[in-house]
Amino acid sequence: MKKQIVFSLLAVLLLQLTLTQVEAQQAKNYWPKAGLTYEIFVQSFNDSNGDGIGDFNGVTEKLDYIKELGANAIWFMPIMPSPTYHKYDVTDYKAVHPDYGTMADFKRLLDEAHARDIKVVIDMIINHTGSDHPWFLASKSGRENPYRDYYVWAQKDTIASYLTKKTVTLDSDNIRQWHDPGHGQDYYYGFFWGGMPDLNFDSPKVREEIVSIGKFWLEEVGVDGFRLDAAKHIFPDDRPLDNHAFWKEFRREMEAFKPDIYLVGEVYDKKEIVAPYLPGLPALFNFDLHYTMIEALNTENGQLLYQKQKEVLDFYQGITPDFIDATFSSNHDQPRLLNDLKKDPAKYKQALVILMTLPGAPYLYYGEEIGMLGLKPDEQIREPFLWDKKENDSGRASWIVPQYSTDATVTPLAQQRLDPNSYFNHYKKVIALRQSNPALAIGSLESVMQSYPKSVMAFIRQTADQELLVVHHLGSKGMEFQIPEGFKYSIYATEGVTVKQGAMFLPPNSSLILKK
């Protein structure tokens, strides 16, 4: 038994040394065009003071871990004051939530992140405020209040048809979107719910306020960019051209303060709706890829995934060549990826290899690298990170009793470090592979002129100095395939893959990367 433990520790040490050498000698930072961003819900990440809630100092303590994993940037879910746990209903745009710490704590986090070459992007929620925001409290106090025009109001007799209208979109429930503040005469518009009244962007004063907020975070605080929540709902859905124009204006204003600002938008829709936002929001989340990846893995249809992604990229290219495809396999609004893939470890590991071998700037949701679980409601998708076994985990948040990610269902990070085949070591290895091969990070995406069954997703990634063949077999039965001429040397292969005499054998849910 002692010998086995020693051999296991030696194997882990060898793996860590190998990865460290790759990172130190070859890995490059391709952010923002193709770098990796790590999404964090501060409340659940790491609790530094034992109050049960994750905080800024807790994140600072884990920056070396984030760097080790291979992330080039952090995206923080909302950090501003708010009455709810999720904090998407802001009550003060120029402050941080006291549960997370002070502004000084956040600035120290920024400094420490920047010292490690890690950029910091924060959630900017400007489609709406919280109903407790001072602007809204003033606005609802009367029709003559100076803040009345900050929000969208209508008198009952002028919107009778709207009061009973129900709208369903991809990112709203079947809800009434006009809300009575209590007196039954005037109604305000809130796309998501009554606790989030929409701002009125027809008001020049509102637009001036938003510019001032952006300037504050860029110049006075020092963040590197913003993730723009609900970007297609700045104006109502029947005014898309106004939405596009607003984001172009916003980008110009922000670039005046920080020419290299990073802006990534949430436009939760199909590619035809998403793409026209690119001139204003140069990075946009690729929801098509997210959903198609899950479908492809669960239906063993690799060609479907390649075709969909190629269509998206070509479509974006037709709008502007200067775009960033923000790819992701899960986030804070979707079920945890391992649940979507029916808790199949092979599919789960392959999902990461697919994500890291496709073009784009991938996002990784905290806890995905250790196989955290979660299903709706949203709180259960945002459960605390498991750093160690519970009895040893002083940093584990306890603001919520987890239903899915517990010691009984998820192996904590400390134990995964000791297992060369763990999710964590797989993530670390594949991320390092991407960052040490320019073709995987910034290369073009080309089809393979060879016929494969639908379970195979095969493509070429190419730069001027490197050409790689990437093959993903999503099927449940092992199969042998011919190798296109010229590709001979393996730089990555799933266990069980063999290459000989111009052919490759791929087991179920396996991947192979060859170079010339």
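The values are calculated or read from the model by the stated rules, or taken from the named source; none is laboratory data. The structure presented is a predicted model; accordingly, all values stated were derived computationally and were not measured. For neighbour counting, all protein chains shown are included, and Cβ atoms are generated from backbone atoms with ideal geometry for every residue, glycine included.
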Applying the selection to the stretch 313-333, what residues are small (Gly, Ala, Ser) and either farther than 23 Å from Val471 by Cβ or surrounded by fewer than 20 Cβ atoms within 10 Å (Cβ to Cβ) (or both)?
-> Gly318, Ala326, Ser330
Go through the stretch 450-486 residue by residue and tally those that are farther than 21 Å from Gln309 by Cβ and in contact (Cβ under 8 Å) with a residue 24 or more places away in the chain.
-> 9
Test: residue in the stretch 328-340 that is in a loop (DSSP other than H, G, I, E, B), of a type outside the set (Asp, Glu), touching a strand residue (DSSP E or B) at 6+ places or on another chain (Cβ under 6 Å) and closer than 25 Å to Asn301 by Cβ = yes
Could you identify the single residue in Gly265, Gly225 that is farther than 19 Å from Phe201 by Cα, touching a strand residue (DSSP E or B) at 6+ places or on another chain (Cβ under 6 Å) and modelled with pLDDT of 95 or more?
-> Gly225
Does the stretch 334-354 contain at least one residue that is out of contact with any helix residue (DSSP H, G or I) (no Cβ under 7 Å at 6 or more places or on another chain), closer than 20 Å to Lys33 by Cα, crowded, with 19+ Cβ neighbours inside 10 Å and in the same structural domain as Glu39 (by TED's automatic domain parsing)?
-> no
Exactly one of Gly475, Gly502, Gly496, Gly486 is closer than 24 Å to Lys342 by Cβ, surrounded by fewer than 17 Cβ atoms within 10 Å (Cβ to Cβ) and not assigned by TED's automatic domain parsing to the domain that holds Asn298, and that one is Gly496
When you look at Phe235, is it surrounded by fewer than 23 Cβ atoms within 10 Å (Cβ to Cβ), under 25 Å from Ser451 (Cα atoms) and either among the aromatic types (Phe, Trp, Tyr) or touching a strand residue (DSSP E or B) at 6+ places or on another chain (Cβ under 6 Å) (or both), yes or no?
-> no
When you look at Lys94, is it surrounded by fewer than 20 Cβ atoms within 10 Å (Cβ to Cβ), modelled with pLDDT of 95 or more and not in a loop (DSSP other than H, G, I, E, B), yes or no?
-> no
Looking for whichever is within 23 Å of Phe45 (Cβ to Cβ) and not charged (D, E, K, R) here; the options are Ala296, Ala346, Ala361. Which one fits?
-> Ala361
